[in-house]
Amino acid sequence: DPEASQIHHRNFLKEHVVFKEAIPIKDPLALSKIHQNYRLGYLKDVILPNVLDENTIGNLNSIIHANNAVVVSLLKDDNKFITEVFARLKSPTTSTESKKNLVHFLHEFCTLCKSLQMPNQHRLFRDLVAEGIFDIISEILKSDDHKLVLTGTDILILFQGIDPNILRSYVTRQDIDLLGLLVKNMLKDFRDDMHCQFLEIIRSLVDPQSPGQLKDIVVEIFYERHLTQLIDAIASSCMPNTEDDKESNIMSLDERSRRKGGLRPEILLNICDLLCFCVLQHPYRIKCNFLLDNAIDKVLYLTRRREKYLVLAAIRFLRALVSRSDEHLMNHIVRNNHFKPILDVFLANGDRYNLLNSAVLDLFEYIRKENMKVLLRYLVDTFWDQLSEFENLPSIHALKVKYEQLLEGSGTRNTGASVDQRKQLDARALEKEEEDYFNEDSDEEDSTSSRVESQTSINGSSPSPSLRSGGLVDYDDDEDDEDYRPPPRKCKEETEEEDGFIELPLKRKLVPKDEPEAKRLQQRLPKSVKSREGGVYASLCSSSSSSSVVHSKKVAT
């Protein structure tokens, strides 16, 4: 190409490129594959970047990928090589520069392991853990060299991506607090956004949705030992400015944070994002820790910051709490007036139509749509004097309408409940009257039977077994008349004249006419009745047969 500058690529590869070995590689096949990969990369990225088509680039990448797999396989099968690498890293006589080179070699070696198949990757990473790679990374995280710490976190991310259970098993060990080192470095100012990597590792460790076991143990360690540390970091960095800090208004954000001894805004943002993640994924832990330690107030201190994205992070945090729809959490928010800093920020924002305004309105809209009655009453009863200025906004107006509907519904339910209660009382009173009525009947029967028993005891004879409490005449039991078939009813004259029998109206038993009337009636009446009505029945017996039938019917009736 006449327009391209003439570069002697062959001389550059022979004279200027230096092959650095952190530890000597004695396998000639592995060395040849490493050199070939470097030249293929140089050809693809430097010599022919604008000439190669996609197929050629794909072929070159396939060759590089295959060479990497060969190199990693040869090195991992050499037990002496791996053992020597970790022996030098653990040796106190190894220089700092050599240790840095060895750490970078480990990082590149773990990165190339992705060229292997998944079973081989798992086997290799477990071998590295057995050699003590996590102990080495724990020492790296304590270093003051930021680049070295960054390399160590990259290795942890590779392990977390391959098998999260391997890293969790090391975190749960009691002798080394790897999780504490990650939290501590997350709060450090590395000046190159390294706290994002620590955030990613911690989030993956406490994620209940990720595969693997030991998640509950890691979550318990995080909440018991390190959650308070993160919340206190927010509280200490968001305390209100004093009069001596008024001059800090003309400073940059970093200078103001260093003078106050607080954290950079980006670190506070990542902490708040981690807390929002915990609220959504660990509802039970949040209730136990946030309600007892007054953590919600401390996180809402972010509304005092000048940075609007930190204020939005605080609103996001409260929105995550509200989305749990937990009764105890809602009552805690109302009792501690946690919406006040959000309303203060919203009112201070005024009529400006920005992301802050939309975030607060979205929070109100969510409460209205989910029909959170506790928060609806709290917002309107407490803040309506201030919110009435924004009633022209649809969300604020809809919130007020929902509140009025809630009041109307509660009033209707109260009225309906009182009516139902009256109906229940009336029904119970009616049932009581019926019970009393039937109880009175049974009392009368009991009194009649008691009178009969007392009379029997006075006369000295046992009561008749067929005595009935409600009738005047004691009839014999009907068991003897089961086979009796009464004749067809005839006229009164035929009954009196032809048959010579008298049919009593209340009994099917036939009585012969020739039997004396007085004797028959005396046998059917109790003694008390006999004594009182003897004269009447004697006179009846002396009358004629036709008149006796009539009188006997009347008496029986």
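The values are calculated or read from the model by the stated rules, or taken from the named source; none is laboratory data. Predicted model only: the values in this text are computed from it and were never measured. Cβ coordinates were reconstructed from backbone atoms using ideal geometry, including for glycine residues, and neighbour counts include every protein chain displayed. To get the accessible areas, we keep the full protein, side chains included, count just its heavy atoms, and leave off ligands, DNA and RNA. Shrake-Rupley method; radii C 1.70, N 1.55, O 1.52, S 1.80 Å.
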Quick calc: nm separation of the 7 Å Cα→Cβ label points for His146 and Leu280 -> 3.0 nm
The FRET efficiency for Asp45 and Thr228, from their Cβ-Cβ distance with R0 = 45 Å and rounded to 0.05, is 0.40
Computed D for segment 335-408, Stokes-Einstein, Kirkwood radius over alpha-carbon pairs, 25 °C, 0.890 mPa s, to the nearest µm² per second, is 197 µm²/s
The orientation-averaged projected area of the Cα convex hull of segment 73-169, in nm², is 6.0 nm²
Sequence order, segment 106-123: Karplus ³J(HN,Hα) from phi using 6.51 cos²θ - 1.76 cosθ + 1.60, θ = phi - 60°, Hz rounded, Gly and Pro as x, gives 4, 4, 5, 5, 5, 5, 6, 5, 5, 6, 7, 6, 4, x, 5, 4, 4, 5
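If packing is taken as the average count of other Cβ atoms within 10 Å, what order do 339-351, 271-283 fall into, highest mean first? Don't skip to the answer; put the middle values down first.
Values: 339-351: 16.2, 271-283: 19.2.
By packing density, highest mean first, the sequence is 271-283, 339-351.
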Along principal axes, largest first, the alpha-carbon spread of segment 99-154 in whole Å comes out as 36, 20, 15
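Would you mind working out the accessible area per residue for segment 335-408, using a 1.4 Å probe, and quoting it in Å²? Write out the running numbers ahead of the final one.
Working: 3940 Å² over 74 residues.
Averaged over the residues of segment 335-408, the accessible area is 53 Å².
For Val71, Val401, what's the largest-to-smallest order of accessible area, 1.4 Å probe? Don't jump to the answer; show the numbers that get you there.
On the way: Val71 10, Val401 50 Å².
Heavy-atom accessible area, descending, gives Val401, Val71.
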In whole percents, the bins of 10 Å from zero upward hold the Cα-Cα pairs of segment 1-95 as 12, 34, 30, 17, 6, 1
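Please arrange Glu54, Glu224 by accessible surface area, largest first, computed with a 1.4 Å probe and ligands excluded. If you can, show how the numbers build up before the last one.
Values: Glu54 160, Glu224 125 Å².
Correct descending sequence by accessible area is Glu54, Glu224.
Per-residue counts of other Cβ atoms within 10 Å, averaged by peptide: what ranking do you get for 367-375, 210-218, highest first?
Numbers: 367-375: 15.9, 210-218: 14.1.
Packing proxy ranking, top to bottom: 367-375, 210-218.
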Here the net charge surrounding Leu399, from other residues whose Cβ is less than 9 Å away from its Cβ (Lys, Arg +1; Asp, Glu -1), is +2
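Kindly state, to the nearest 0.05, the FRET efficiency for Gln213 paired with Ser138, given R0 = 25 Å and r defined as their beta-carbon distance. The partial results should precede the final answer.
Working: r = 22 Å, r/R0 = 0.88.
So the FRET efficiency works out to roughly 0.70.
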Taking 159-166, 359-366 and ranking on average Cβ neighbours within 10 Å, highest first, one gets 359-366, 159-166
Among segment 66-86, those whose backbone N falls under 20 Å of a label point 7 Å along Cα→Cβ from Phe105 are 68-86
FRET efficiency for Lys14 and Ile63 from the Cβ-Cβ distance with R0 = 25 Å, rounded to 0.05, comes out at 0.70
